[in-house]
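K.L.:
I am attaching a structure below and will ask some questions about it afterwards.
The values are calculated or read from the model by the stated rules, or taken from the named source; none is laboratory data. In this text, all values refer to a predicted model and were calculated from it rather than measured experimentally. Glycine gets a Cβ as well: all are built from the backbone with ideal geometry, and neighbour counts include every protein chain shown. The protein model used for the area step is the full one, side chains on, heavy atoms only, and it has no ligands, DNA or RNA in it. Shrake-Rupley method; radii C 1.70, N 1.55, O 1.52, S 1.80 Å.
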Amino acid sequence: MEKKEIVIIGGGFAGISLARQLSNEKGVQVTLVDKNNYNFFPPLLYQVATGFLEPSNISYPFRKMFHGVRNVRFRMGELQRIQPGDNRVVLSTGVLDYDYLVLATGTGSNYFGIENIRKHALPMKSIDDAIELRNTLLLKMEEATRASDQSDREKMARVVIAGGGPTGVEVAGMLAEMRMNILEKDYPELRDWEFKIYLADAAPVLLTPMDPKSQRYTYETLTKMGVEVKLDKQVKDYIDDTVIFADGETIPTRLMIWTAGVTSQVFEGLPEDSFGRGRRLVVDAFNRVQGTHNIFAIGDTCIQLTDPNFPNGHPQLAQPAIQQGRNLARNFKAMLKNRPLKPFSYRDRGSMAIIGRSKAVMETPRPKLRLVGWFAWVTWLFVHLFSLINHRNRITTMYNWTVAYFSKDQSLRMIIRPSRDSSKQSDSESSDIRKTE
Ligand SMILES: Cc1cc2nc3c(=O)[nH]c(=O)nc-3n(C[C@H](O)[C@H](O)[C@H](O)COP(=O)(O)OP(=O)(O)OC[C@H]3O[C@@H](n4cnc5c(N)ncnc54)[C@H](O)[C@@H]3O)c2cc1C
């Protein structure tokens with residue numbers, strides 16, 4: 001029997017879950033495509049950005065991941081265009097033909113068309129972003145030690161985090177811990193400075209989908225840690241090192257971290273009506289993209305309105321992505337045997353967010369449970385540790401967390417940047433080096 005060629009674009013939670021389930025499946029040949037040569041774990045990006053974990057603790061090379069798996073190949077490249085009529089995708093590194101195409105490309109930051117924010121704020125979506133944030137944070141602290149001008153000092157002593165979802169809350173909490181435990185030791189020159197951390201959101205609450213009690217606990221805990229939480233505050237612009245809110249209030253700062261929204265990529269070649277809310281690809285109950293017959297989408301990049309328990313689509317979280325990958329693998333196997341396909345139904349495992357040391361919130365629907373504080377924090381640690389891709393990453397992360405717990409510190413605050421002059425490299429070479437640093 002001739003093998004079916006399955007091309008998966010994107011090796012995040014969804015793509016890897018699918019590729020792993022299809023490993024060594026006789027009837028299929030899988031090509032996994034990603035713009036990076038590694039898989040990474042977004043929920044811990046903020047710990048890389050603040051120097052508590054190394055990038056290698058939360059990432060792993062695709063080629064090594066599939067050692068010994070004969071039917072899965074890896075191709076590094078970025079999807080540029082789809083030619084559905086020819087069953088072909090055009091990548092930045094060549095073309096690939098497929099019998100089935102699966103889009104698992106996740107989302108990118110949404111700046112809501114505000115160009116100054118896109119250019120000057122720092123996002124938190126990738127390992128590159130986390131390294132850039134870490135370097136920027138450390139460079140700005142070094143700069144601060146030399147600042148003499150009063151207005152410069154004011155801008156340097158403020159950080160604004162836009163977005164009160166789990167990422168914004170986690171970054172704000174981590175920066176507050178660093179201010180308490182590390183700042184004075186690392187930068188004795190700045191002992192007299194009054195550092196301020198602002199967390200702003202357009203919504204009236206933090207962690208919007210969670211229970212009001214968890215929202216209140218998060219707000220109160222962050223406030224006690226010295227974070228100034230600004231709710232009902234929509235960021236309108238970021239001009240001349242000043243964050244401007246829709247109500248006219250301004251905060252001068254040289255560092256704005258943007259975690260306020262996500263959007264999917266639009267790929268040329270798909271029918272226009274395939275794209276729904278947030279540019280997510282509309283899929284049927286089997287994750288087939290609307291208006292196509294052999295193109296599927298899983299994870300954050302798709303929206304599925306057929307699950308009776310989630311009529312507005314699933315939350316953009318790791319679990320729906322993993323479970324959709326698994327279900328699609330089961331359906332590909334069923335297709336090979338001409339068996340009926342299984343519609344996707346999401347099993348909600350709940351949600352959680354860490355705020356700081358011994359402080360977190362978690363909720364599960366079945367059993368109905370709501371925890372805050374130390375128990376939620378320990379659960380968060382274990383859930384995230386065991387969700388890492390392999391034992392190596394779990395052991396190194398556990399080691400770094402143990403050191404950080406007992407010392408209230410870490411020693412990963414090095415400013416490491418590529419040293420080669422990028423103008424001497426070809427375009428594709430230079431972008432590859434930046435992305436795999
Ligand atoms: C900072 C942060 C913290 C988070 N915390 C949590 C949390 O605590 N719990 C939780 O459940 N969820 C969390 N999430 C959300 C969770 O990470 C996503 O829901 C999940 O990653 C979605 O999986 P995915 O496979 O759809 O996309 P992703 O995991 O984003 O994977 C997409 C993959 O596609 C690749 N790619 C993208 N475009 C292209 C292209 N054009 N060509 C080739 N490759 C491409 C990317 O390199 C990436 O490897 C967090 C997200 C972020 C950013």
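K.L.:
Look through the stretch 105-134, keep the residues that are within 13 Å of the ligand (Cβ to nearest atom) and open to solvent by less than 10 Å² (accessible area, probe 1.4 Å), and return whichever of them is nearest to His293 (Cα to Cα).
P.N.:
Ile127
K.L.:
So, of the residues in the stretch 380-433 that are among the basic types (Lys, Arg) and open to solvent by less than 80 Å² (accessible area, probe 1.4 Å), which turns out to be modelled with the lowest pLDDT?
P.N.:
Here the residue is Arg413.
K.L.:
Sticking with this structure for a sec: Mind checking which residues of the stretch 243-292 are surrounded by fewer than 18 Cβ atoms within 10 Å (Cβ to Cβ), without any contact (Cβ under 8 Å) to a residue 24 or more places away in the chain, more than 27 Å from Asp232 (Cβ to Cβ) and within 16 Å of the ligand (Cβ to nearest atom)?
P.N.:
Val266 - this is the single residue of the stretch 243-292 that is surrounded by fewer than 18 Cβ atoms within 10 Å (Cβ to Cβ), without any contact (Cβ under 8 Å) to a residue 24 or more places away in the chain, more than 27 Å from Asp232 (Cβ to Cβ) and within 16 Å of the ligand (Cβ to nearest atom).
K.L.:
Return yes when Asp201 is farther than 26 Å from Val243 by Cα, charged (D, E, K, R) and open to solvent by less than 60 Å² (accessible area, probe 1.4 Å) and no when it is not.
P.N.:
For Asp201, the condition - farther than 26 Å from Val243 by Cα, charged (D, E, K, R) and open to solvent by less than 60 Å² (accessible area, probe 1.4 Å) - is not met.
K.L.:
For the stretch 81-194, give me every one of the helices (runs of 4 or more DSSP H) that falls completely inside it and has 1 or more residues that are within 16 Å of Thr50 (Cα to Cα).
P.N.:
127-146, 166-181, 183-186
K.L.:
Further, regarding this structure: Look through Pro43, Pro84 and report the one residue that is modelled with pLDDT of 95 or more and either near the ligand (Cβ under 8 Å from one of its atoms) or farther than 22 Å from Ala329 by Cα (or both).
P.N.:
It is Pro43.
K.L.:
Do we find a residue being out of contact with any helix residue (DSSP H, G or I) (no Cβ under 9 Å at 6 or more places or on another chain), part of a helix (DSSP H, G or I), open to solvent by 30 Å² or more (accessible area, probe 1.4 Å) and more than 10 Å from the ligand (Cβ to nearest atom) anywhere in the stretch 6-21?
P.N.:
No - not one qualifying residue is present in the stretch 6-21.
K.L.:
Additional query: Please tell me if Asp300 is outside any strand (DSSP E or B), within 16 Å of the ligand (Cβ to nearest atom) and surrounded by fewer than 22 Cβ atoms within 10 Å (Cβ to Cβ).
P.N.:
no
K.L.:
Filter the stretch 50-59 down to the residues that are outside any loop (DSSP other than H, G, I, E, B) and either within 11 Å of the ligand (Cβ to nearest atom) or open to solvent by 10 Å² or more (accessible area, probe 1.4 Å) (or both) and list them by number.
P.N.:
Once the filter is applied, which keeps residues that are outside any loop (DSSP other than H, G, I, E, B) and either within 11 Å of the ligand (Cβ to nearest atom) or open to solvent by 10 Å² or more (accessible area, probe 1.4 Å) (or both), the stretch 50-59 yields Pro55, Ser56, Ile58, Ser59.
K.L.:
Would you mind stating whether Lys64 is in a helix (DSSP H, G or I), open to solvent by 30 Å² or more (accessible area, probe 1.4 Å) and either of a type in the set (D, E, K, R) or within 15 Å of the ligand (Cβ to nearest atom) (or both)?
P.N.:
So Lys64 passes the test.
K.L.:
Still on this model: Out of (1) under 23 Å from the mean Cα position of the chain (by Cα); (2) of a type in the set (Ser, Thr, Tyr); (3) farther than 30 Å from Glu154 by Cβ; (4) open to solvent by less than 20 Å² (accessible area, probe 1.4 Å), what's the single condition that is false for Thr218?
P.N.:
Going through (1) under 23 Å from the mean Cα position of the chain (by Cα); (2) of a type in the set (Ser, Thr, Tyr); (3) farther than 30 Å from Glu154 by Cβ; (4) open to solvent by less than 20 Å² (accessible area, probe 1.4 Å) one by one, Thr218 breaks only (3).
K.L.:
Here is a further query. Please find, among Pro308, Pro367, Pro315, the residue that is within 16 Å of the ligand (Cβ to nearest atom), surrounded by fewer than 17 Cβ atoms within 10 Å (Cβ to Cβ) and not in a strand (DSSP E or B).
P.N.:
Going through Pro308, Pro367, Pro315 in turn, just one is within 16 Å of the ligand (Cβ to nearest atom), surrounded by fewer than 17 Cβ atoms within 10 Å (Cβ to Cβ) and not in a strand (DSSP E or B): Pro315.
K.L.:
All but one of (1) outside any loop (DSSP other than H, G, I, E, B); (2) crowded, with 20+ Cβ neighbours inside 10 Å hold for Ala334; state the number of the condition that does not hold.
P.N.:
Failed condition: (2).
K.L.:
Right, here's the next one. Pairs only if they're at least six apart or on different chains, beta carbon under 7 angstrom, first in the stretch 30-49 and farther than 19 Å from Gln410 by Cβ and part of a loop (DSSP other than H, G, I, E, B), second within 6 Å of the ligand (Cβ to nearest atom) and among the acidic types (Asp, Glu); list them, first residue then second.
P.N.:
Cβ pairs passing all conditions: Lys35/Glu78.
K.L.:
Among the candidates Val90, Val72, single out the residue that is hydrophobic (A, V, I, L, M, F, W, C), more than 14 Å from the ligand (Cβ to nearest atom) and modelled with pLDDT of 95 or more.
P.N.:
Only one candidate qualifies: Val72.
K.L.:
Six or more apart or on different chains, Cβ under 6 Å: which pairs go from a residue in the stretch 294-321 that's without any contact (Cβ under 8 Å) to a residue 60 or more places away in the chain to one that's near the ligand (Cβ under 8 Å from one of its atoms) and part of a helix (DSSP H, G or I)? Could you list them?
P.N.:
Listed by first residue and then by second, the contacts come to His314/Pro320.
K.L.:
I've got another one for you. Considering only residues that are more than 15 Å from Ala321 (Cβ to Cβ), out of contact with any Asp or Glu (no Cβ under 6 Å at 6 or more places or on another chain) and near the ligand (Cβ under 8 Å from one of its atoms), which ones fall in the stretch 27-37?
P.N.:
Answer for the stretch 27-37, where residues must be more than 15 Å from Ala321 (Cβ to Cβ), out of contact with any Asp or Glu (no Cβ under 6 Å at 6 or more places or on another chain) and near the ligand (Cβ under 8 Å from one of its atoms): Val33, Asn36.
K.L.:
Would you confirm whether any residue within the stretch 339-355 is touching a residue at least 12 places away in the same chain (Cβ under 8 Å), in contact with a helix residue (DSSP H, G or I) (Cβ under 7 Å, 6 or more places away or on another chain), open to solvent by 20 Å² or more (accessible area, probe 1.4 Å) and part of a strand (DSSP E or B)?
P.N.:
yes
K.L.:
In addition: How many of the residues in the stretch 320-333 are more than 16 Å from the ligand (Cβ to nearest atom) and either within 12 Å of Glu25 (Cα to Cα) or at pLDDT below 95 (or both)?
P.N.:
3
K.L.:
Cβ-Cβ below 7 Å, separation at least six or inter-chain, first residue in the stretch 356-381 and closer than 21 Å to Asn309 by Cα, second assigned to a helix (DSSP H, G or I) and of a type in the set (D, E, K, R): which pairs?
P.N.:
Listed pairs, sorted by first residue: Arg370/Lys213.
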